[in-house]
Amino acid sequence: MHETPTELKGAFDYIVRAGYEYSMPKFFSSVRGYLDYAMSIRPVGLETATTSQLALNADIVVLFSIIEHFKLGGFLGVGLGYNEHSKVAMTSSDDPPSLQSFHTLLNFGFSSLIMQNHRIELGLKIPTYTLQYPSSVYTDWYSFVLYDYMF
């Protein structure tokens, strides 16, 4: 049975990513492709859960010069990911050991570039379509503040 959470619980999230970005200065934009791994740990006693996601993404980034050596803008993109959600402690024999799914993602947020090498982003990754039945799937969205060193 699929239950909707009644309260918001805090989590520790981290994202590791690697990829390539192609810059088009004439259009104030760039296109990037990357693979990322996101993990979320929600420590709440017997309800402690972990969620992992591996995704292949493509984004368009648009940045405008605000002052010298500082650009500000945003990004929008899509991704295809694999998600696994599991509880650390099983509370009943009816609990599945883990829920797994493939899904598409919508990526968007704000981006800034400092001194051509330091990018800071504030964004969201939201699952939009899941390839399993909704009753057996856990979908989680990720909000993040991210630092990228670009070389």
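The values are calculated or read from the model by the stated rules, or taken from the named source; none is laboratory data. These numbers come from a predicted model, not from an experiment. Note: ideal-geometry Cβ built from the backbone for every residue, glycine included; neighbour counts use all protein chains shown.
Does segment 16-49 hold any residues that are hydrophobic (A, V, I, L, M, F, W, C), at pLDDT below 85 and surrounded by 14 or more Cβ atoms within 10 Å (Cβ to Cβ), and which are they? Before the answer, list the steps.
So in segment 16-49, the residues hydrophobic (A, V, I, L, M, F, W, C) come out as 16, 18, 24, 27-28, 31, 35, 38-39, 41, 44, 46, 49.
If we keep only those that are at pLDDT below 85 too, we end up with 41, 44, 46, 49.
Of everything in segment 16-49, those that are hydrophobic (A, V, I, L, M, F, W, C), at pLDDT below 85 and surrounded by 14 or more Cβ atoms within 10 Å (Cβ to Cβ) turn out to be ILE41, ALA49.
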Extreme residue, farthest from PRO43 (Cα to Cα), among residues of segment 87-123 that are of a type in the set (Ser, Thr, Tyr) and modelled with pLDDT under 80: SER93
Filtered residue count, segment 57-77, keeping only those that are within 30 Å of LEU99 (Cβ to Cβ) and either buried (at least 16 other Cβ atoms within 10 Å of the Cβ) or modelled with pLDDT under 95 (or both): 4
